Every structure is written in C-alpha cells, then in structure tokens.
C-alpha cells in the first residue's frame, strides 16, 4: 500500500530529521536506510574483491546500493557470474 504525498509530507513535518520516504512509500529511518545501503554495498563489493576501483566505480556502487534489495541481488549475481566466467578469447 503506497502512502499519499500528503501523508508523506505530514510524516516529514512531524519527524523531519528522522524519517525519509522509502521507494515503496513507507517511511524509513535514516539509520535504517544507512544500514541497508551499507549491507548492499558489502554485497556488491564482494564479487569485486581485488579489483582496483576508482571514485567513479565507488560512486556507482553506492548509487546501486540505494536501490531495492531485488535489484542489488540481481546486480550482485551478475557480477559473481562474470567473475567466475572464463575469459573471452579475442
């Protein structure tokens, strides 16, 4: 069930520093969001262990980590399969 814009606005007025709207319309604490993003970052970085990641790579991973769990799992699985695959012959 999605919350209306008015309901989200009312929540933010009552708790402007503690609540932010989640993608599904339900309020999420900043701490909860931070924990979720950190967990997602760990999952996304695991298949990339040992690779030299620049700032743009880190920014992209952080952006991806803020997506929903299903999207993060799909990207993580793709990275793991790519890492395990034999090199392409060129």
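What follows draws every value from the coordinates through simple rules; no lab data is involved. Only a predicted model underlies this, so the values are computations on that prediction, with no experimental measurement involved. With ideal geometry, Cβ positions are generated from the backbone for all residues, glycine too; neighbour counts draw on all protein chains shown.
Structure summary
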quantity: Residue selected from the range 56-90 under the condition assigned to a loop (DSSP other than H, G, I, E, B) and closer than 22 Å to residue 33 by Cβ, by the criterion farthest from the chain's Cα centre (by Cα); calculated: 68
quantity: Tally of residues being in a helix (DSSP H, G or I) and closer than 23 Å to residue 81 by Cβ across the range 35-55; calculated: 10
